[in-house]
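Data first, discussion second: the structure below is written as structure tokens.
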Number of protein chains: 2
Amino acid sequence: MTQEDARRTVGYQLKRVQAALRAAMDGALRAHGLTTPQYVCLELLGQQARLSNAELARGAFVTRQSMNVVLHNLEEAGLVERPSTAPTGRALPTRLTASGERLLEAARADVMAIERRMTSGLDRAQAQILMTQLEHMSELLSE
Amino acid sequence: MTQEDARRTVGYQLKRVQAALRAAMDGALRAHGLTTPQYVCLELLGQQARLSNAELARGAFVTRQSMNVVLHNLEEAGLVERPSTAPTGRALPTRLTASGERLLEAARADVMAIERRMTSGLDRAQAQILMTQLEHMSELLSE
DNA sequence: CTTTGCATGTCAGGACTTTGACATGAGTGA
DNA sequence: TCACTCATGTCAAAGTCCTGACATGCAAAG
């Protein structure tokens, strides 16, 4: 067994790419005053408004508690708004503010550039296959 | 733009798989009394002994400080050993103990099973291509 | 109607990780 | 020889995140 063997697993390379991606995103988002979890939260809200804290947490793969502090920070910055009282149940549906939408659009441009750079070695068909494979792998692990 | 668009990026699916993988590994390793970072550390040492703390940190994609506490915990558990004084420079080359090797082998079996389950939708050739693509993506992000 | 289960928001506490900083040792070039 | 650079280990402090727990509100089964 050579020294390379453990690094030659899909799991290890997955972690390596994810670490590099996270670092790249942190760097790019710093210019916008955002952290990566904050950006993910804005992105989720940009695609579907009225998401609750718990739904956002699942979408960002963090706990409700972690998303809660992210949400509070975004609210203090005036980027999102939540009703002070729940319209139904306990869920507080969150929305982007106007400045939140503007910041999201600006930040998204930089993040998309990173995504394109990361996948610049793949053509569109390959990228599509890769994404399908990744989706399948998630499902295989969750069952 | 539909609500699915942001989730349909390679970056998002990457994070999703990595989260599922981390959860699966945490669950499997708990039976061995190990955390995922601890296992990664043991695995790196199993393939190449005499690695320094800084080298292990880079291999596990964490900071030196984080790896340092991992190493101290492993040392307390008698799974690794470090010289109290540096043979050259400041680096303290770490080695697995006999019980560390035994635990690594037992834990590795479970982790490999997870890796196989994750990639069970791919044949050997596809898995190889996937790993090569991931390696390339890391390099594109780091440059 | 009651009760049971389930999901949500929230609090407290602890564990883990990082940022920033500093001193030490090795190698390099002037 | 000497200053400079680089990498390493280590300390302090802060931030981040999670585990565990609890109360509230809705829905479904009894």
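Bear in mind that the values in this text are calculations on the coordinates, not laboratory data. Just so it is clear, the structure is predicted and the values come from calculations on it, not from any experiment. Reconstructed Cβ throughout: ideal geometry from the backbone, glycine too, with neighbour counts over all protein chains shown.
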Taking a label point 7 Å from the Cα of A:ARG116 along the Cα→Cβ vector, which residues of region A:17-46 have an amide N closer than 15 Å to it?
none
Going 7 Å from Cα along the Cα-Cβ axis for the label, what nanometre distances separate B:ALA125 from the same residue across the other copies?
1.5
Per the axis that maps chain A onto chain B, nearest residue of A (Cβ criterion) and its distance in Å
A:GLN18, 2
Phi-derived 3J(HN,Hα) across region B:30-42 with the Karplus relation (6.51, -1.76, 1.60, θ = phi - 60°), rounded Hz, x for Gly and Pro, is 4, 5, 9, x, 10, 9, 4, x, 4, 4, 4, 4, 4
Whose amide H sits under 5 Å from the amide H of A:VAL80, counting only residues 5 or more places off or on another chain, with H placed in the peptide plane?
A:GLU75, A:THR97
Position B:ALA54, label points 7 Å along Cα→Cβ, spacing to each other copy in nm (shortest first, one decimal)
4.8
Under a Gaussian network model of chain B whose springs join Cα atoms within less than 10 Å, the largest fluctuation of B:MET25, B:MET67, B:MET112 belongs to B:MET112
With +1 on the Cβ of every Lys and Arg and -1 on the Cβ of every Asp and Glu, and nothing else charged, how large is the dipole of region A:11-107 about its Cα centre, in debye rounded to the nearest 20?
340
What does the charge count near A:GLY100 come to, summing +1 for each Lys or Arg and -1 for each Asp or Glu among other residues with Cβ under 13 Å from its Cβ?
-2
Applying the Karplus parametrisation 6.51 cos²θ - 1.76 cosθ + 1.60 with θ = phi - 60° to the phi angles of region B:19-24, what ³J(HN,Hα) value in whole Hz is obtained for each residue in order, glycine and proline being reported as x?
5, 5, 5, 4, 5, 5
Helix A:98-118 sits at what angle to the longest principal axis of chain A, using alpha carbons and giving 0 to 90 degrees rounded to 10?
0
How large is the convex hull of the C-alpha atoms of the protein assembly as shown per residue, in Å³?
164
For chain A, projected area of the alpha-carbon convex hull averaged over all directions, nm²:
11.3
Where does helix A:124-142 land angle-wise versus the long Cα axis of chain A, in degrees 0 to 90, nearest 10?
80
Largest first and in whole Å, what are the equivalent-ellipsoid semi-axes of region A:81-143 based on the Cα gyration tensor, each being the root of 5 times an eigenvalue?
34, 22, 7
At B:ALA109, label 7 Å along Cα→Cβ: distances to the other copies, nm, ascending?
5.6
